[in-house]
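**Q** The structure's right below; bear with me while I get my questions together.
The values are calculated or read from the model by the stated rules, or taken from the named source; none is laboratory data. Remember, it's a predicted structure, so these values are computed and weren't measured experimentally. Neighbour counts are summed over all protein chains in view; Cβ atoms, including those assigned to glycine, are modelled from backbone coordinates with ideal geometry. For the accessible areas, the whole protein counts, side chains as well, though only heavy atoms, and no ligand, DNA or RNA atoms are used. Shrake-Rupley method; radii C 1.70, N 1.55, O 1.52, S 1.80 Å.
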Amino acid sequence: MADVYDKEKTLLREITPKVENAIPGIEVLALELSGPERFTVYIDHPQRVDHALCGRVTDVLRDYLQRYTIDVSSPGLERPLRTPAHFERVVGRKVALRTATDIDGRKRFKGEVVDASPTRIRVSTDGNEYEIPYDSIVRGNLIEEGVK
């Protein structure tokens, strides 16, 4: 799985400036590979994400269509969280995280973000607090409570 996460990070670093420079106000939140030839780009925009905006993002990424099928999506209820800024916005809320390496014998965490610094977050789960460096996080999502 480490190769998948590394490939996601590489693609995200490549596409983020292309998309964000081409479309004012857009934020690329995350990129997830869903197969060797398919990825999903999660985007947000202050004036909402609609089909037209997703189409514009696909047009910006046209060079990648020779190698990949590209899906473009709004963040949805389980908003992807990857950067320090993303986690700073959700202090006090519940998240689900997956890490590339064990942290105190675990790779999966579900709990409240207690603190977010420039280099790590602190999550409270199962009565314990864990400090998790951003570099270790391969998946992070907001958990909306009360939504079924």
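**Q** Kindly indicate the residue of segment 32-66 that is touching a residue at least 24 places away in the same chain (Cβ under 8 Å) and aliphatic (A, V, I, L, M) and also farthest from ASN21 (Cα to Cα) among those meeting that condition.
**A** Among those that are touching a residue at least 24 places away in the same chain (Cβ under 8 Å) and aliphatic (A, V, I, L, M), it is LEU33.
**Q** Which of the residues that make up segment 13-24 are open to solvent by less than 50 Å² (accessible area, probe 1.4 Å) and either part of a helix (DSSP H, G or I) or in contact with a His (Cβ under 6 Å, 6 or more places away or on another chain) (or both)?
**A** From segment 13-24, those open to solvent by less than 50 Å² (accessible area, probe 1.4 Å) are 15-16, 19, 23; that's our starting set.
Within segment 13-24, ILE15, THR16, VAL19 meet the criteria.
**Q** Name the single residue, out of those in segment 68-87 being more than 13 Å from the chain's Cα centre (by Cα) and loosely packed, with under 15 Cβ neighbours inside 10 Å, that is farthest from ILE43 (Cα to Cα).
**A** THR69
**Q** Here is a further query. Among the residues of segment 101-115, which ones are touching a strand residue (DSSP E or B) at 6+ places or on another chain (Cβ under 9 Å), open to solvent by 10 Å² or more (accessible area, probe 1.4 Å) and not hydroxyl-bearing (Ser, Thr, Tyr)? If you could, list the steps in order and put the result at the bottom.
**A** Initial filter on segment 101-115 (touching a strand residue (DSSP E or B) at 6+ places or on another chain (Cβ under 9 Å)): 101, 103-104, 106-115.
With the extra rule that they be open to solvent by 10 Å² or more (accessible area, probe 1.4 Å), the set shrinks to 101, 103-104, 106-108, 110, 112, 114-115.
Residues satisfying the conditions are ILE103, ASP104, ARG106, LYS107, ARG108, LYS110, GLU112, VAL114, ASP115.
**Q** If you take the residues of segment 88-134 that are under 16 Å from the mean Cα position of the chain (by Cα) and aromatic (Phe, Trp, Tyr), which of them is nearest to LEU31 (Cα to Cα)?
**A** Within segment 88-134, the match that is nearest to LEU31 (Cα to Cα) is TYR134.
**Q** Name, by its number, the condition in (1) open to solvent by 60 Å² or more (accessible area, probe 1.4 Å); (2) in contact with a Ser or Thr (Cβ under 7 Å, 6 or more places away or on another chain) that does not hold for PRO118.
**A** PRO118 satisfies all of (1) open to solvent by 60 Å² or more (accessible area, probe 1.4 Å); (2) in contact with a Ser or Thr (Cβ under 7 Å, 6 or more places away or on another chain) except (2).
**Q** Please indicate, with yes or no, whether at least one residue in segment 58-65 is farther than 30 Å from ASP102 by Cα, among the polar types (S, T, N, Q) and modelled with pLDDT of 95 or more.
**A** So in segment 58-65, the residues farther than 30 Å from ASP102 by Cα come out as 58-65.
Remaining after also requiring among the polar types (S, T, N, Q): 58.
Those left that are additionally modelled with pLDDT of 95 or more: 58.
Yes, that holds for at least one residue.
**Q** Could I ask something else about it? Show the residue pairs that are 6+ apart or on different chains and have beta-carbon atoms under 9 Å apart, the first residue being within segment 3-30 and among the basic types (Lys, Arg), the second being crowded, with 17+ Cβ neighbours inside 10 Å and assigned to a helix (DSSP H, G or I).
**A** Partner pairs satisfying both residue conditions: LYS18/VAL60.
**Q** In segment 101-121, what count of residues is obtained for those that are acidic (Asp, Glu) and in a loop (DSSP other than H, G, I, E, B)?
**A** Going residue by residue through segment 101-121, those that are acidic (Asp, Glu) are 102, 104, 112, 115.
Remaining after also requiring in a loop (DSSP other than H, G, I, E, B): 104.
Total satisfying the criteria: 1.
**Q** Let me ask you something else. For segment 1-57, name all the residues that are modelled with pLDDT of 95 or more and at positive phi.
**A** Scanning segment 1-57 gives a single hit, GLY25.
**Q** A further question follows. Quick one: in segment 34-46, of everything that is assigned to a strand (DSSP E or B) and of a type outside the set (A, V, I, L, M), which residue is most open to solvent (accessible area, probe 1.4 Å)?
**A** Filtering segment 34-46 down to residues assigned to a strand (DSSP E or B) leaves 34-35, 38-44.
After this cut, where a residue has to be of a type outside the set (A, V, I, L, M) as well, the list is 34-35, 38-40, 42, 44.
Values: SER34: 76, GLY35: 26, ARG38: 97, PHE39: 0, THR40: 20, TYR42: 49, ASP44: 38 Å².
It comes out as ARG38.
**Q** Hey, among LEU53, LEU31, LEU61, which residue is over 29 Å from VAL91 (Cβ atoms) and surrounded by 16 or more Cβ atoms within 10 Å (Cβ to Cβ)?
**A** One residue alone meets the criteria, LEU61.
**Q** Right, next: Does ARG98 satisfy the criteria of being in contact (Cβ under 8 Å) with a residue 40 or more places away in the chain, open to solvent by 60 Å² or more (accessible area, probe 1.4 Å) and outside any loop (DSSP other than H, G, I, E, B)?
**A** Working: in contact (Cβ under 8 Å) with a residue 40 or more places away in the chain: yes; open to solvent by 60 Å² or more (accessible area, probe 1.4 Å): yes; outside any loop (DSSP other than H, G, I, E, B): yes.
When the stated conditions are applied, ARG98 passes them.
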